[in-house]
Amino acid sequence: MSPTNLEKSPQPSLEGPRLENAGSFLIAGLRRHYTEDRISNIPAQWQQFVGYLGRIPTRVGRSTYGVCLNPINGAAGIDYLSGVEVSCSTGLPDDLGVVTIPAQPYAVFVHRGHVLQLRDSLDAIWQKRLPESGYQVGFASAESPAFWERYTDGFDSRTASGEVELWIPIKS
C-alpha cells in the first residue's frame, strides 16, 4: 500500500478542563528517565509494566496511571512512572518505585484518541487551554508530579486508544 493510500488517524478530541479536588494516594510502578530524544520509548515501558500487573498485592481499583516527574528542562529530561494505585508499598516487587500523588486541586482534561496523540493534547493544554481557563499551575511540593494520566475502562490497551484523563495540578 502506498503512503498516499494510508488512512490518517483521526484527530484526538480534548475536553475540559473540569476542576477536581483529589485526595492523596500512592502509585507504584516502573520508573524510567527520558531525554527528549528518547521519550518515544515510553510505550515499551508500558509493555514491560504489563508483566507486573498480577504481582502487585496492594493494588487498588482497575485504572492504570502514567506519572510525569521533573518535566523536560533542556537536556535534563523527565522521569515517567507507569503504574497502578496501591494502598501501601508493602510486598511490591523490588524494581517498582512508588510516587505520592498529593491532595490538591487539579484541572482535568479528557483526551480521546491514540496514545501517540497525547503529546498533541498536552501541547494544546499547556499552550492554549490552561492559560485560557484562568487556572494557574501549582505544585504541592518540588517532588510533586508535573501531571499525571489516568487510564480508565474507557481506554483500550490492545489498540492504545480511547479515553485518558490528564490531571494538571493547579493553585487553589
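The values are calculated or read from the model by the stated rules, or taken from the named source; none is laboratory data. Model, not experiment: these values are computed from the prediction. Every residue, glycine as well, gets a Cβ built from its backbone with ideal geometry; the counts of neighbours run over all protein chains shown.
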**OP:** Starting from region 117-129, take each residue that is without any contact (Cβ under 8 Å) to a residue 40 or more places away in the chain and list its partners that are of a type in the set (Lys, Arg) and surrounded by 18 or more Cβ atoms within 10 Å (Cβ to Cβ), counting only C-beta distances under 7 angstrom and pairs at least six apart or across chains.
**Re:** none
**OP:** Could you check how many residues of region 65-104 are within 16 Å of Val164 (Cβ to Cβ) and surrounded by fewer than 11 Cβ atoms within 10 Å (Cβ to Cβ)?
**Re:** 0
Original post:
When region 159-169 is examined, which residues are found to be assigned to a loop (DSSP other than H, G, I, E, B) and either of a type in the set (A, V, I, L, M, F, W, C) or at pLDDT below 90 (or both)?
Top reply: Ala160
**OP:** Looking for whichever is in contact with an Asp or Glu (Cβ under 9 Å, 6 or more places away or on another chain) and on the phi > 0 side of the Ramachandran plot here; the options are Gly113, Gly91. Which one fits?
**Re:** Gly113
**OP:** Could you list all residues from region 136-157 that are in a loop (DSSP other than H, G, I, E, B), among the hydrophobic types (A, V, I, L, M, F, W, C) and modelled with pLDDT of 90 or more?
**Re:** Ala146
Original post:
Among Arg31, Arg62, which is the only one that is over 14 Å from Trp167 (Cβ atoms), among the basic types (Lys, Arg), surrounded by fewer than 12 Cβ atoms within 10 Å (Cβ to Cβ) and within 17 Å of the chain's Cα centre (by Cα)?
Top reply: Arg62
**OP:** Taking the residues in region 105-130 that are in a strand (DSSP E or B) and of a type in the set (A, V, I, L, M) as candidates, determine which candidate is surrounded by the most Cβ atoms within 10 Å (Cβ to Cβ).
**Re:** Ala107
**OP:** Would you be able to tell me the number of residues in region 49-71 that are outside any strand (DSSP E or B) and touching a strand residue (DSSP E or B) at 6+ places or on another chain (Cβ under 8 Å)?
**Re:** 7
Original post:
Is it fair to say Leu69 is at pLDDT below 95 and hydrophobic (A, V, I, L, M, F, W, C)?
Top reply: yes
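For every residue, the table says whether it meets (1) within 14 Å of the chain's Cα centre (by Cα); (2) basic (Lys, Arg).
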residue: Val84; (1), (2): yes, no
residue: Pro105; (1), (2): no, no
residue: Val108; (1), (2): yes, no
residue: Trp126; (1), (2): no, no
residue: Glu132; (1), (2): no, no
residue: Lys171; (1), (2): no, yes
Original post:
If a residue has to be more than 14 Å from the chain's Cα centre (by Cα) and closer than 17 Å to Val84 by Cβ to count, how many in region 134-155 make the cut?
Top reply: 2
